[in-house]
Structure formats: C-alpha cells, structure tokens
Amino acid sequence: MTILVTGSAGHLGEGLMRTLRAGGRAARGLDILSSPFTDHVGQVGDRGFVRESLAGVRAVIHAATLHKPHVATHRRQQFVDTNVAGTLALLEAALAAGVEAFVYTSTTSAFGSALTPGPGEPAAWITEDVVPIPRNIYGVTKVAAESLVELFARREGLNAIVLRTSRFFPEEDDDPAARAAYPLANAQANELLYRRADIADIAAAHLLAVKRAPTLGFGRYIVSAATPFTPADLPALRAGAPAVIRRLFPAAEALYAAHGWKLPPSLDRVYVNHRATADLGWRPAYDFQHVLDCLAAGEDFRSPLAITVGAKGYHATVFEEGPYPITPPL
C-alpha cells in the first residue's frame, strides 16, 4: 500500500515519512517546500497536481496545513484556501482515486475557548464530546476541514479518520510568561501530564488510523499522551496541581528539584485519549512516568524520532520576541 503524506517537509510529515521508510513501507511525500522527504512539490489546492500525485496511492495522511503560528503573518483567506479548499481538493481527488483510507491531522486547538474554565471552576476534562469554540481563523478552518472529512465519510463512503493532536512541536511556547517561568524541557515535561504527546506516538497513531479506517468508516479522536488524572482530580488540579502530582508520582518532586525544575502550580485542562486507545489500539509510550524514569537515569525523555526531526520553525524570519508573532491576524 502506497501512502501519500501531505506536509512532508513539516515536523509531522517528516516524522511520518521517516517512520514509513524505516518500516520499509511505500510512502510518497507532498509539500509546497522541497525536502529530502518530498516527492511532489506543489500546492495541495492545485487539483491537477493533487490528482497526479495520487496515482497508485491507496491511503492518504493529510498533515499539510497553515498552523496557529501563521495567524499573525498570513491573511484569513490564505487559511481558507489552504486548510479548507485544499482539504476539499484532496478529498475529492482521493475519492476519485478510490483510496482505502484518509487520515486528517487536526488539532486540539480546535476546541478553542472550550479549553479554558471560568474563575474558580475545575480544570476542564476534554474529550471528543466537547463542542469546539474556535478562537481564531486557524481553529475555524481546522473545524471546517474536519466537517468536510466527516461529510465525505458519511455521504460518499470514504473511510476517514480525524486526529486532533495535542502539542508535539519542539519550539518554545509563544507565551513570554511561560518561557520565563520554565526551562524548555521542564515546560514540555509538565505538558505531558495533560496537553502534549511525543511525535513518535503521534506518528504511530496516524499509521494505526490508516489501518483501522476501513473498519471504522469514520472517527474523530484526541491524540495526546495518556494522562494520569481522573475527573475526581479536576478541582484540585485547578486549585493546586503539585499536591495531586506528588500523590500520583511520589518521586517527582525530588527528581525535579535535582534538575532545578518546577511542577506546574495549576492546570486548566486535561486531554483524554481513551477513545483513541480503545478504537485505534493506540498505546502511547512517552508519558510523564517516562519523563521521571529518564530523569532518574540521566537520559533525554524525547523519542529518537523527536530528536532526529528537531525544530523546524514556522517562518523564514527569526523573531526577537518569541518563536513566532502573536499579534492580531491581518
């Protein structure tokens, strides 16, 4: 089975292409940028180009997108053209080509304002049943593209899976306060408790989705590291997360102290991957316990794939104020 990976020059695209090639599987990369993992260079919205790229392809992983970091540097119309119209063009071409599985990479950012509880409320328990309230054009277009994928599954019989991925990028947080409060590794280790996954686990979930799509027909799944928390922990997590973490991981505080790290004082949400583990058979390996094990052993808690892919950035420009600008959209 030949798999077409769109966005093959990006973080996830490269990770997928490396994983597929390492497993001896036929993979074809498509991206607007040339790279060692890109076989077809062009726009995902170019119908003729996409049609030619799909020749002989049996499955599609659509990871190409304009991201949140582009909100301040790209027009809203560009988001619509790439994330919505581009997805539509690819869906129509995939349907015409008779592909057996279509996997769409979405984002937990699609939940938007639904992720933030009000003052004094418990942390939010985020499952696939939470209704998205997009905060920006990125979220709007990702939700719209998800709906297109679902439409093609329900009405056209295209076997399709939507994966709402949590953070897996290696760059620093766009929030200056977060950057100032924690070293990068500390911040990302904390996020594995509730809002992050390693790119190796993300790639594994995509490949399982390709395999399971013909059986499932359609599904929408949160893909994030397995959280150790339960709904009963939510009030305490918002009021004082360290006490909950110490209870569940007695060794955490001493290991963190030895590295000059800090536990998060409060958590506002918890991503729940139960549906993905049940339906896809996904078993993420990189979680908070893995972090602690690596700290104890003096090892890097990132996967070899994460280290190899590294940081790519999202712009040709280097910004002084952070990894990308966060000013209002153009």
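Here, each number is a calculation from the coordinates, and none is a lab measurement. Note that the structure is predicted; figures quoted are calculated from it, not measured. We place every Cβ from the backbone using ideal geometry, glycine too, and count neighbours over all the protein chains shown.
Taking every Cα-Cα distance in the chain and sorting them into 20 Å bins starting at zero, the pair-distance distribution P(r) comes out as 32, 59, 10 percent.
Run the dipole for segment 71-175 about the Cα centre, Lys and Arg Cβ at +1, Asp and Glu Cβ at -1, nothing else charged, and hand back the magnitude in debye, nearest 20. Here the size comes out at about 320 debye. Remark: segment 120-133, residue by residue, has Karplus-estimated 3J(HN,Hα) of x, 8, x, 4, 7, 9, 9, 10, 5, 7, 5, 7, x, 10 Hz, where x stands for each Gly or Pro and the curve is 6.51 cos²θ - 1.76 cosθ + 1.60 at θ = phi - 60°. Over all other residues within a Cβ to Cβ distance under 11 Å of V244, the charged ones net out to +2, with Lys and Arg as +1 and Asp and Glu as -1.
Placing a pseudo-label 7 Å from each Cα along the Cα-to-Cβ vector at C294 and E156 gives an inter-label distance of 3.9 nm. In sequence order, segment 304-310 has phi-based couplings of x, 5, 4, 5, 5, 5, x Hz under the Karplus curve 6.51 cos²θ - 1.76 cosθ + 1.60, θ = phi - 60°, and Gly or Pro positions carry x. Annotation: amide H of D46 has no partner in the under-5 Å range at sequence separation 5 or more or interchain, hydrogens built in the peptide plane.
Couplings 3J(HN,Hα) for segment 90-99, derived from phi with the Karplus relation 6.51 cos²θ - 1.76 cosθ + 1.60 (θ = phi - 60°), are 5, 4, 5, 5, 5, 4, 5, 7, x, 5 Hz, where x marks Gly and Pro.
Taking the Cα centre of segment 3-301 as origin and assigning +1 to Lys and Arg Cβ atoms and -1 to Asp and Glu Cβ atoms, the resulting dipole is close to 440 debye.
In terms of the mean number of neighbouring beta-carbon atoms within 10 Å, the peptides 43-54, 193-204, 111-122, 137-148 order highest first as 193-204, 137-148, 43-54, 111-122.
For L4, the amide hydrogen comes within under 5 Å of the amide hydrogens of R28, R58, A59, V60, I61, counting only partners 5 or more places away or on other chains and with H modelled in the peptide plane. Amide H to amide H distances under 5 Å link I133 with G112, S113, A114, where only residues 5 or more positions off or on other chains count and H is placed in the peptide plane.
Please say if segment 212-318 is rounded, prolate or oblate, where rounded means a/c under 1.5 for a ≥ b ≥ c the square roots of the C-alpha gyration tensor eigenvalues, and otherwise the choice is prolate for a/b larger than b/c and oblate otherwise? In terms of gyration-tensor shape, oblate.
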